[in-house]
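Q: Structure below; questions to follow.
The values are calculated or read from the model by the stated rules, or taken from the named source; none is laboratory data. Predicted, not measured: the structure shown is a model, and the values here were computed from it. Every residue, glycine as well, gets a Cβ built from its backbone with ideal geometry; the counts of neighbours run over all protein chains shown.
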Amino acid sequence: MWCLKMPIQIDLSRLPELTNEVYYPLYWNQDRYLILYGGAGSGKSVFAAQKWIFRLLNEKGLKILVIRKVAKTLRHSVFALFRSIIAEWGLTDLFKINKSDMEIYCLNGSSVVFAGLDDAEKLKSVHGINSIWIEEASEITEDDFKQVDLRLRGLTKYYKQIILTFNPVSITHWLKTYFFDTPKENCTKLKTTYKDNRFIDEEYVKVIEELKDTDPYYYTVYGLGEWGIIGKTVYNARIVTERYLAIKDIIPVRGNFVYEYENEQIIDESIEFIEDENGFIAIYEPPIEYTPYVIGGDIAEGGYEFSAASVRNNLTWNQAATFRGHLDTDLYAKQMYCLGKYYNNALIGIETNFETHPVKELERLNYPNQYVRETLDKYTGETQKKFGWLTTKITRPLIIGRHVALLRDHSDTFNDAALLEEMMTFVRNEEGRPEHQEGKTDDLIFADAICLGIRNQQTVSELPGRPKPKLTPAQEFKEKLARRRMHDLMRRSLG
Ligand SMILES: Nc1ncnc2c1ncn2[C@@H]1O[C@H](COP(=O)(O)OP(=O)(O)OP(=O)(O)O)[C@@H](O)[C@H]1O
Ligand SMILES: [Mg+2]
């Protein structure tokens with residue numbers, strides 16, 4: 001490839017052999033944000049530097065700013081990397097390197113400036129930036145990032161890009177919320193691990209793979225390139241992570257229920273599950289005949305919260321389905337009605353703390369199997385029976401404690417990735433009260449935990465009605481013999 005627009009001509013035909021395959025197409029990626037994240041030694045930093053040098057050669061007058069949190073870390077990392085690639089690509093004659101100020105100039109007028117976020121003077125003095133690389137972006141704060149992002153405004157001759165390279169150190173990190181939890185336009189994300197880097201040496205691979213046995217957190221982040229879990233999580237972080245990794249690629253059947261509605265009632269025979277990849281309901285175990293199920297529900301209290309539900313098989317305790325979505329309470333109740341009918345008239349317990357409407361609506365729809373709680377009437381002193389689940393100072397720790405134990409003892413019954421994600425960010429606050437971290441949710445956690453609170457009102461044996469299997473003549477004879485023996489035995493024992 002020849003760069004003819006420039007006074008200098010460089011042969012870049014060796015580019016594919018110098019570059020790891022996963023990154024190669026990104027030389028031409030022009031999105032505003034290019035997120036290169038993942039495990040250690042996956043070639044992120046090398047590729048970022050390669051792409052910048054590629055652009056410096058092609059785009060006359062381009063000016064790049066390379067940022068890290070701390071200025072003194074620049075020299076031996078990114079600055080050294082640029083220098084070694086320039087040398088390796090045989091381009092030393094085309095670049096002038098100012099070691100004391102850490103600046104690199106190309107003969108065509110393009111240049112690179114390096115600055116630490118702790119070096120306000122230098123940052124202030126840099127003008128006319130076209131693109132930015134934030135190396136080890138997990139070190140900087142969201143505010144820092146926003147300031148940097150603001151520097152890249154207005155019209156420039158070349159496309160403006162910010163490359164962020166980092167390891168996914170914590171699932172609670174702002175980078176996860178900012179770039180991964182909400183759709184971001186103009187953004188390309190690439191996750192890589194050491195397995196994507198064909199240049200890595202064996203020793204490095206050994207060190208990374210050893211982490212598997214010695215430190216699950218480090219292995220998750222630096223080996224697998226997955227978001228790490230740190231801090232005081234209520235659930236055992238290692239178990240949550242293992243289960244999450246085991247199921248995260250399993251795609252459930254998604255959809256919603258449709259039904260005919262006459263005289264203010266749902267017509268049971270008309271209820272149908274319609275597949276839709278954006279549906280609120282995720283099915284992991286379709287209903288098994290004569291099997292009792294339990295459904296816990298939790299209503300959004302507003303804002304970004306979801307209404308949620310979790311369905312569990314009351315014989316195996318396998319998580320059969322979940323519901324998660326923003327829906328008006330009456331429509332939520334109707335979906336719950338259908339979900340309950342679908343799962344063999346499952347026992348349904350919906351939280352009533354914030355909103356009693358869904359519980360009342362299920363009652364009005366004549367749903368046959370709602371959880372009933374006993375409450376003390378403040379005025380009469382009598383106990384009353386009411387539909388729905390109430391979370392109190394006593395029941396809250398109870399169901400969370402049971403849920404924690406369920407994960408510990410039977411993590412293989414958890415099937416919903418969104419639930420496990422919530423469990424990763426469910427922590428003890430300063431007062432020790434378990435709650436979701438700021439900006440995160442816990443709706444699926446409570447829905448699922450309510451299943452544990454209500455299950456004692458559902459049978460733990462098969463539902464009645466299964467037709468007796470027809471016996472073969474030989475089986476019939478065997479049964480007859482067994483009955484006869486039992487009869488004889490009893491007669492003898494009675495004398
Ligand atoms: N294209 C390449 N050509 C030659 N060597 C490479 C190339 N890409 C990566 N390497 C080698 O692999 C090593 C690790 O790559 P790099 O430092 O880019 O990984 P990283 O993903 O940035 O890791 P970390 O997450 O630890 O920062 C480099 O030090 C270099 O030896
Ligand atoms: Mg790196």
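Q: Within the range 261-272, can one find any residue that is part of a strand (DSSP E or B) and under 24 Å from the mean Cα position of the chain (by Cα)?
A: Looking for residues that are part of a strand (DSSP E or B) and under 24 Å from the mean Cα position of the chain (by Cα), one finds none in the range 261-272, hence no.
Q: Given the criteria of a type in the set (Asp, Glu), in a helix (DSSP H, G or I) and not assigned by TED's automatic domain parsing to the domain that holds Val294, does Glu479 qualify?
A: yes
Q: Tell me which of these Val169 doesn't satisfy, since it passes every other one: (1) more than 16 Å from ligand 2 (Cβ to nearest atom); (2) aliphatic (A, V, I, L, M); (3) modelled with pLDDT under 95.
A: Of everything listed in (1) more than 16 Å from ligand 2 (Cβ to nearest atom); (2) aliphatic (A, V, I, L, M); (3) modelled with pLDDT under 95, Val169 misses just condition (1).
Q: Which of the residues spanning the range 295-321 are crowded, with 24+ Cβ neighbours inside 10 Å and β-branched (Val, Ile, Thr)?
A: Ile295, Ile299, Val311
Q: Can you tell which of Arg466, Arg484 is loosely packed, with under 11 Cβ neighbours inside 10 Å and part of a helix (DSSP H, G or I)?
A: Arg484
Q: Enumerate the pairs (first residue in the range 61-85 and at pLDDT below 95 and part of a helix (DSSP H, G or I); second residue anywhere and more than 15 Å from ligand 2 (Cβ to nearest atom) and acidic (Asp, Glu)) with beta-carbon separation below 6 Å, excluding pairs fewer than 6 apart on the same chain, so at least 6 apart or on different chains.
A: Taking only residues 6 or more apart or on different chains, the pairs are Ala71/Asp118; Ala71/Asp119.
Q: So which residues in the range 301-326 are over 17 Å from Glu422 (Cα atoms), in a strand (DSSP E or B) and small (Gly, Ala, Ser)?
A: Ala320
Q: Just checking, which of Ile251, Ile247 is of a type in the set (Val, Ile, Thr), without any contact (Cβ under 8 Å) to a residue 40 or more places away in the chain and out of contact with any strand residue (DSSP E or B) (no Cβ under 8 Å at 6 or more places or on another chain)?
A: Ile251
Q: From Lys386, Lys393, which residue is of a type outside the set (Phe, Trp, Tyr), more than 25 Å from Pro252 (Cβ to Cβ) and not in a strand (DSSP E or B)?
A: Lys393
Q: Mind listing whichever residues of the range 60-75 are more than 16 Å from Ile140 (Cα to Cα) and buried (at least 16 other Cβ atoms within 10 Å of the Cβ)?
A: Within the range 60-75, Lys60, Leu62, Lys63, Ile64 qualify.
Q: Quick one: in the range 20-46, which of the residues that are among the aromatic types (Phe, Trp, Tyr) and over 27 Å from the mean Cα position of the chain (by Cα) is surrounded by the fewest Cβ atoms within 10 Å (Cβ to Cβ)?
A: Once the filter is applied, the top-ranked residue is Trp28.
Q: Next up: I'm trying to understand the selection: among the residues of the range 15-55, which are within 16 Å of ligand 2 (Cβ to nearest atom), hydroxyl-bearing (Ser, Thr, Tyr) and outside any helix (DSSP H, G or I)?
A: Listed by number, the residues that qualify are Thr19, Tyr23, Tyr37, Ser42.
Q: Note down all Cβ pairs under 8 Å where the first residue falls in the range 117-134 and is among the charged types (D, E, K, R), the second is in a helix (DSSP H, G or I), and they're at least six residues apart or on different chains.
A: Short answer, once both residue conditions are applied: Asp118/Ala71; Asp119/Ala71; Lys122/Ala71.
Q: Here's something else I'd like to know. Would you kindly identify the strands (runs of 3 or more DSSP E) lying entirely within the range 107-213 that contain at least 1 residues that are within 16 Å of ligand 1 (Cβ to nearest atom) and either of a type outside the set (Asp, Glu) or in contact with a helix residue (DSSP H, G or I) (Cβ under 8 Å, 6 or more places away or on another chain) (or both)?
A: So the answer is 131-135, 161-166, 187-192.
Q: Let me ask something additional. Quick check on this structure: which one of Leu94, Leu65, Leu36 is touching a Leu at 6+ places or on another chain (Cβ under 6 Å) and away from ligand 1 (no atom under 16 Å from the Cβ)?
A: The unique qualifying residue is Leu94.
Q: Sticking with this structure for a sec: Criterion first (of a type in the set (Gly, Ala, Ser), touching a residue at least 24 places away in the same chain (Cβ under 8 Å), within 15 Å of ligand 1 (Cβ to nearest atom) and surrounded by fewer than 23 Cβ atoms within 10 Å (Cβ to Cβ)) does Ala49 satisfy it?
A: For Ala49, the condition - of a type in the set (Gly, Ala, Ser), touching a residue at least 24 places away in the same chain (Cβ under 8 Å), within 15 Å of ligand 1 (Cβ to nearest atom) and surrounded by fewer than 23 Cβ atoms within 10 Å (Cβ to Cβ) - is not met.
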